[in-house]
1. Would you check if Gly33 is modelled with pLDDT of 85 or more and either of a type in the set (Gly, Ala, Ser) or loosely packed, with under 10 Cβ neighbours inside 10 Å (or both)?
2. All but one of (1) modelled with pLDDT under 75; (2) surrounded by 10 or more Cβ atoms within 10 Å (Cβ to Cβ); (3) acidic (Asp, Glu) hold for Glu54; which doesn't?
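The values are calculated or read from the model by the stated rules, or taken from the named source; none is laboratory data. What you see is a predicted model; the values in this text were computed from it and never measured. Cβ placement follows ideal geometry from the backbone for every residue including glycine, while neighbour counts extend to all protein chains displayed.
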Amino acid sequence: MGSFSIWHWLIVLVIVMLVFGTKKLRNVGQDLGGAVKGFKDGMKEATASDKPAEEAKPAQQVSGQTIDVEVKEKTKS
């Protein structure tokens, strides 16, 4: 009773297919795949655009400055 067997997962899959239908599940899969692909492409573009900027700039030292701020309470209008 500790973990689910393959039969449990197959029954869950059949129930999900009956509830949502295969067409809707296919559309959800395509949307999810497109989102993952777009994310990967965005990460590749971000790393490609960051590398030349890092090579052009000399290494900068952080001076360890402390910024003192004061938080004001927001009032309702």
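1. yes
2. Failed condition: (2).
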